[in-house]
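Asks: Below: one structure in structure tokens.
The values are calculated or read from the model by the stated rules, or taken from the named source; none is laboratory data. For clarity, every value in this text was computed on a predicted model and none was experimentally measured. When we count neighbours, we look across all protein chains shown, and the Cβ atoms used for this are built from the backbone with ideal geometry, even at glycine. These area figures cover heavy atoms from the full protein model, side chains too; ligands, DNA and RNA do not enter into them. Shrake-Rupley method; radii C 1.70, N 1.55, O 1.52, S 1.80 Å.
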Amino acid sequence: MNLQRFNALWRFNYPLVERQVIIYLIVSVFFAILMLLPVSGPIQFSIYTFGNMALNYLVVLAPIVLAKNGDYRIIERLIPATAGEKFCWRLIYFLIVIPAVTIVFPYWAGYLYLQIPSIQTEAMKSAIEMAENLPFRVMLLNKLTYVAEVLTCLYVVSYTRKSRIVKSVLAVFVVQFVVACFGFAWGIYSTTAALSADSHSPLNPQQLQDEVLARMYDTSYLFIVIGVVTVYTSIMLILNYRVLKHRNL
Amino acid sequence: MIELTNLTFSYLRNGYPALNDISCVIEPGIRLLAGENGAGKTTLLHNIAGLSRPTGGHVTIDGSDPASDKPEDLGRVFLLEENQFFPGKSIREFAAMHSRFYRRFSNELFYENLHAFGLTGDESLSNLSLGNRKKSELAYVLALGVDVLLLDEPTNGLDIEGREALRHIIGGATGDGQTIIISTHAVGELEHLYDGAIFLSKGHLLYAGNLDDVDERLAFTVTKVPEPEAIYSELQVGRVLNICDAAISEGGGTVNWRLLYSGLHSPLRQELLNILNSPSII
């Protein structure tokens, strides 16, 4: 990789992404402030859930910026830099810069929330603690799913010729739906297993919930899902590179 | 020099070819690329720019593949299309970011071009009218100094002064060995600038030739008429000769490409092609 060209690529793309980074920062700070408001538990929990969902979509749909102002692809693909250099720029921007910009303030707000007892409510506190204490495998699956969704959006925006924004949003929904189906099947499987254990030695609701979660986190099913998402993500990585390498428009 | 060898391109696998077995050599100079809607002009430009890979045959620019991933090959071609998005607040800002990749970019020429179009370069691209945005883009790409510059409908949206300025700029733009291919339906607009033409129809190459070859053949046909009666009906001979006569200027040196294009899209196509493709006269 030629660092001079890579640096020039950053400078070249700066006007394209400048506004996006600023908007994402504003939304992120706004959500962080909302998280720290001393309001009732259900409202705090709603803000937290809705905010996380919105930020998640902001991150995975960020590649739409490439399609919003007419066709940027010709200029980009004709730039005298290798496909590898262009690919690296895209990965660093969409998989590191954008998530960092979007998540850093809410993450910091979550930490701050746990340090200020006067604004804490039980629902919000347990939601933040649960999110922060997820087992590594579940965390890994979450991150892989993010990456898979971002790469899907990026690929569809780069590859398709018409209705690129609509198609890329639909593609992200499809990936989310498939992953959700995996999660749903996984939940049913774990609950069924926990309930059948329950018939032998009755558990109270809290114990049952813990049992279901323990089975969800431990089962080999989780590894299979991680494997499937990893393979899909790898294919998306290759396709995203190929679309820049072969430059088909 | 651009060489197209049996170039075939389909958008869909096994689909109807948008370009069908096109072979020709495009020498440096200003070339007209013309054809009806759907003739394959933009597809040909994309293949020359390396934005599409031929499904058959190949394209080379001075022997190298334009679809390669090498920065030095990529830096030789630039395509300006309709609805192309130039990131940046102004063309000046865009030029500052983008021209770093092009070693032969001339900042001086860029500002000369902007001046000729009556622009400063500081105008906000998002607030400019279609025509002024086009002028800004043209001012920039004509200063890039690439070996092959592909312009798709460059006069679209330009006012009369803009077209005049473009004619003036392009006329002085071709450096040593530079090729500018202008794809347009407004064939007559820049016609005194063209050193040659490529005519497409329904994905097939109708004719590709240099100004001198065309001029020589048309002039010869008008003046000598080598026993045309043996080949054509009398009525057709008269009409073909009329086209040839009108297509060449007095004293030669320029060709009325618009008339020739119309002739090639008329029932007289074959007769005209016979003349244009006849062996060298001199």
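Asks: Which condition number does B:PHE220 fail, the rest of (1) assigned to a helix (DSSP H, G or I); (2) touching a Leu at 6+ places or on another chain (Cβ under 8 Å) being met?
Replies: Among (1) assigned to a helix (DSSP H, G or I); (2) touching a Leu at 6+ places or on another chain (Cβ under 8 Å), B:PHE220 violates only (2).
Asks: Can I ask one more? Could you give me the residue pairs with C-beta distances under 9 Å whose first residue belongs to the range B:180-198 and is free of Cβ contacts under 8 Å to residues at least 12 places away in the same chain, whose second residue is open to solvent by less than 30 Å² (accessible area, probe 1.4 Å) wherever it lies, and which are 6+ apart or on separate chains?
Replies: As it stands, the answer is none, since no pair meets every condition given.
Asks: Further question on the same structure: Inspect the range A:91-100 for any residue being within 14 Å of chain B (Cβ to nearest Cβ), closer than 23 Å to A:MET236 by Cα and buried (at least 18 other Cβ atoms within 10 Å of the Cβ) and give the result as yes or no.
Replies: Just the residues of the range A:91-100 that are within 14 Å of chain B (Cβ to nearest Cβ), to begin with: A:93.
Then keep just the ones that are closer than 23 Å to A:MET236 by Cα; that gives A:93.
Cutting the leftovers down to buried (at least 18 other Cβ atoms within 10 Å of the Cβ) gives us A:93.
Yes: one or more hits.
Asks: Listed residues B:LEU166, B:LEU119, B:LEU114; which is away from chain A (no Cβ under 14 Å), modelled with pLDDT of 90 or more and part of a helix (DSSP H, G or I)?
Replies: Going through B:LEU166, B:LEU119, B:LEU114 in turn, the sole match is B:LEU114.
Asks: Taking the stated definitions as given, is A:VAL172 in contact (Cβ under 8 Å) with a residue 40 or more places away in the chain, within 30 Å of A:ARG73 (Cβ to Cβ), among the hydrophobic types (A, V, I, L, M, F, W, C) and not assigned by TED's automatic domain parsing to the domain that holds A:LEU91?
Replies: Working: in contact (Cβ under 8 Å) with a residue 40 or more places away in the chain: yes; within 30 Å of A:ARG73 (Cβ to Cβ): yes; among the hydrophobic types (A, V, I, L, M, F, W, C): yes; not assigned by TED's automatic domain parsing to the domain that holds A:LEU91: yes.
Here the answer is yes, as A:VAL172 does meet what is asked.
Asks: Under 7 Å by Cβ, and 6 or more places apart or on different chains, what pairs join a residue from the range B:259-273 that is in contact (Cβ under 8 Å) with a residue 40 or more places away in the chain with one that is buried (at least 17 other Cβ atoms within 10 Å of the Cβ) and in a loop (DSSP other than H, G, I, E, B)?
Replies: If the second residue must be buried (at least 17 other Cβ atoms within 10 Å of the Cβ) and in a loop (DSSP other than H, G, I, E, B), the pairs left are B:TYR261/B:VAL187; B:GLU271/B:TYR232.
Asks: Of the conditions (1) modelled with pLDDT of 75 or more; (2) away from chain B (no Cβ under 14 Å); (3) surrounded by 15 or more Cβ atoms within 10 Å (Cβ to Cβ), A:VAL243 fails just one. Which one is it?
Replies: (2)
Asks: Given (1) in the same structural domain as A:TYR217 (by TED's automatic domain parsing); (2) modelled with pLDDT of 90 or more, identify the lone condition not met by A:LEU91.
Replies: Tallying (1) in the same structural domain as A:TYR217 (by TED's automatic domain parsing); (2) modelled with pLDDT of 90 or more, A:LEU91 fails exactly one: (1).
Asks: Out of all the residues in the range B:73-97, which are free of Cβ contacts under 8 Å to residues at least 24 places away in the same chain, at the interface with chain A (Cβ under 7 Å from one of its Cβ atoms) and either more than 20 Å from the chain's Cα centre (by Cα) or crowded, with 18+ Cβ neighbours inside 10 Å (or both)?
Replies: Kept after step one, since they are free of Cβ contacts under 8 Å to residues at least 24 places away in the same chain, are these residues of the range B:73-97: B:73, B:83, B:85, B:87, B:93, B:96-97.
Restricting the remaining residues to those that are at the interface with chain A (Cβ under 7 Å from one of its Cβ atoms) gives B:83, B:85, B:87, B:93, B:97.
Answer for the range B:73-97, where residues must be free of Cβ contacts under 8 Å to residues at least 24 places away in the same chain, at the interface with chain A (Cβ under 7 Å from one of its Cβ atoms) and either more than 20 Å from the chain's Cα centre (by Cα) or crowded, with 18+ Cβ neighbours inside 10 Å (or both): B:PHE85, B:PRO87, B:GLU93, B:MET97.
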